[in-house]
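Read-outs throughout are calculated quantities, based only on the coordinates presented, and are distinct from any laboratory measurement. These numbers come from a predicted model, not from an experiment. No Cβ is skipped: glycine too gets one built from the backbone with ideal geometry, and neighbour counts run over all protein chains shown.
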Amino acid sequence: MPILVTGGCGYVGTHLTQALLARTDHAVTVVDTTWFGNYLQPHPRLTVCVGDIRAMDGFDLSRYDTIFHLAGIANDPSAELNPRASWEVNVLATMRLADRAARQGVRQFVFPSSGAVYGVRSEPRITEDLDPMPISDYNKTKMVAERVILSYSDAMTTTIFRPATVCGYSRRMRLDLAVNGLTMQALTRKRITVFGGSQVRPNIHIDDLVDLYLFALERRLAGVYNAAFENLTVLEIAKLVATHIDAGIDVQASTSDPRSYRLCSDRLRATGFRPAKNVSIAIGELAAAYRDGRLTDEPNWHTVSWMKARNLG
Ligand SMILES: NC(=O)c1ccc[n+]([C@@H]2O[C@H](COP(=O)([O-])OP(=O)(O)OC[C@H]3O[C@@H](n4cnc5c(N)ncnc54)[C@H](O)[C@@H]3O)[C@@H](O)[C@H]2O)c1
């Protein structure tokens with residue numbers, strides 16, 4: 001069954017593509033602008049097309065069984081660099097892709113929205129039954145894209161995940177993510193700076209998210225699911241990092257990022273899916289990757305500064 005992975009050269013996409021090749025027999029096609037590079041290992045069942053999802057109208061989708069649609073402007077500050085382009089990529093191109101997928105007989109369309117669609121919330125249990133209250137362009141594009149994709153549920157299996165902030169090692173790293181960034185600070189500076197600190201951030205290990213994508217494919221899972229397994233404050237994450245790496249913690253009072261929310265993943269657990277890893281394991285794996293030279297602090301691991309310097313988006 002041929003699989004298409006848009007954004008397959010990204011942080012999660014690289015890990016997912018490698019897992020699809022290693023753990024299934026499917027042929028995998030990746031479409032990606034390769035803004036942050038291409039760290040995929042060549043494989044006989046892998047085709048990488050360097051291209052933009054805004055220009056896929058001539059791309060034949062009829063041979064694909066499933067599309068994992070991961071391409072997009074992937075966080076708040078990078079979406080704010082060029083909001084118009086972010087809407088074009090995250091929503092308009094997604095709409096055209098989903099529409100063409102449905103018309104051309106694709107069986108399943110899997111999309112990572114974001115747990116951040118819920119906004120700043122005080123409810124102790126953020127379930128899928130609560131209405132999203134997005135506070136940024138990025139979150140708004142995700143909410144609208146979800147609704148567009150779900151409107152094709154009569155024609156194909158539509159699977160929407162609202163993942164927590166992802167953590168852990170990938171060959172294409174992202175150091176703008178909470179656990180990864182704080183761990184890198186501890187490794188390189190022996191100090192961790194936390195802004196605010198009391199904001200609650202849900203987390204998911206990258207291996208668990210990739211397992212979840214494969215689970216969704218095997219089970220033809222349909223619907224909307226939160227995907228988060230540990231709700232921790234930013235200060236708790238910093239303290240956890242300091243249990244693995246000898247580093248001091250500086251807390252700065254102000255924060256420009258007020259997002260704070262606790263995701264409840266009971267609906268996902270009810271499907272039988274269980275995570276195998278956690279934040280502490282991710283920190284230990286990142287530290288090991290740093291020590292054996294697989295992980296270094298590269299400019300293209302910092303999404304917004306890399307995009308800004310190159311006028312990407
Ligand atoms: N990483 C997280 O914590 C997290 C959490 C929730 C949701 N998500 C979502 O998961 C998806 C993957 O996230 P990621 O962390 O791997 O991000 P990423 O930035 O590493 O990957 C996105 C990939 O999409 C590509 N891309 C961007 N615009 C494109 C375009 N117009 N055409 C083709 N390719 C394009 C980029 O080159 C990049 O390789 C994104 O949609 C993101 O919003 C990520």
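A few remarks follow.
- Computed [θ] at 222 nm, helices only, for the chain once each DSSP H run of length n ≥ 4 contributes -39500 (n - 2.57): -10500 deg cm²/dmol
- Positive-end ranking of 180, 253, 222 along the dipole of region 172-308, with charges on Cβ about the Cα centre, is headed by 222.
- Relative exposure of 264, 49, 167, judged by other C-beta atoms within 10 Å (fewest first): 49, 264, 167
- Gaussian network model of the chain, springs between alpha carbon atoms under 10 Å - residue of 156, 143, 56 with greatest fluctuation: 56
- Packing-based order for 145-154, 120-129, using average beta carbon neighbours within 10 Å, highest first: 145-154, 120-129
- Region 243-301 pair-distance distribution - Cα-Cα, 5 Å bins, rounded %: 4, 11, 11, 15, 19, 19, 14, 7, 1
- In this structure, the amide hydrogen of residue 227, modeled 1.01 Å from its nitrogen in the peptide plane, lies closer than 5 angstrom to those of 162, 164, counting only residues at least 5 positions away or on a different chain.
- The aspartates and glutamates within cross-link reach of residue 190, meaning a Cα-to-Cα straight distance under 13 Å and a gap of 8 or more places when in the same chain, are 246, 250.
- Mean Cβ count within 10 Å, highest first, over the residues of peptides 198-210, 89-101: 198-210, 89-101
- Cα pair distances in region 3-310, grouped into 10 Å bins until the bin that holds the longest one, percent each: 6, 28, 38, 22, 5, 0
- Helix axis angle, 137-150 relative to the chain longest principal axis, alpha carbon, degrees: 30 degrees
- Only Lys, Arg (+1) and Asp, Glu (-1) charged, at Cβ; the chain dipole about Cα centre in debye: 140 debye
- Converting phi to 3J(HN,Hα) with the Karplus coefficients 6.51, -1.76 and 1.60 and the offset θ = phi - 60°, region 111-122 yields 9, x, 7, 7, x, 6, 4, 6, x, 8, 10, 9 Hz in sequence order, with x at every glycine or proline.
- 3J(HN,Hα) along region 294-308: 6, 10, 10, 8, 9, x, 7, 8, 10, 3, 6, 5, 5, 5, 5 Hz, from the Karplus curve 6.51 cos²θ - 1.76 cosθ + 1.60 with θ = phi - 60°, whole Hz, x for Gly and Pro.
- Tensor-based shape of region 186-313 (alpha-carbon gyration tensor, a/c under 1.5 rounded, otherwise prolate or oblate): prolate
- Axis angle, to the nearest 10 degrees, between helix 93-103 and the longest C-alpha principal axis of the chain: 40 degrees.
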